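Notes follow the structure.
What follows draws every value from the coordinates through simple rules; no lab data is involved. On a predicted model such as this, the values are computed, not experimentally measured, just so you know. Virtual Cβ from ideal backbone geometry, glycine too; neighbours counted across all protein chains shown.
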Amino acid sequence: MLWTSSLAIYFLFWFACLFFVLPFHGRRADDVAEPGHDRGAPSQFRPWRIIGQVSLLAAVVFGLFYANYIYGWITRENIDLMHNYQPK
């Protein structure tokens, strides 16, 4: 696999992981609503913390993907449910 392909796939995983991580950074029950702010917005927004968590999760997911690419744990034949289908 080319390094440019690996980088592109990593960023695809990064953005997918972003949508997984973001809901965990919303408002908590103990947050005090500030006047003029949305009630669902967190009181302390920490973008670098979110970026770090997303990057770490994306690296783990990409590592699993790349290991599967190298070692072939799950192949197309494992997923293909119609390979034994014979129409009557």
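Scanning the chain for chymotrypsin sites (Phe, Trp or Tyr not before Pro) that sit in a DSSP loop and have at most 12 other Cβ atoms within 10 Å, the longest stretch containing none of them is 1-44. Report summary: the helix-based calculation at 222 nm, which adds -39500 (n - 2.57) for every DSSP H run with n ≥ 4 and divides by the residues of the chain, gives -18000 deg cm²/dmol. Against the main long axis of the alpha-carbon atoms of the chain, helix 3-21 sits at an angle near 50°.
Given the choices (i) 112; (ii) 89; (iii) 186, volume of the Cα convex hull per residue in Å³ derived from the coordinates of this structure is entry (iii).
Comparing Arg49, Arg76, Arg39 in a Gaussian network model of the chain (Cα springs below 10 Å), the most mobile by mean-square fluctuation is Arg76.
Seen against the Cα atoms of the chain and their longest principal axis, helix 47-71 is set at about 10 degrees. Fully extending the segment from Asp80 to Tyr66 would add 3.0 nm, taking 0.36 nm per residue of separation and subtracting the current Cα-Cα distance.
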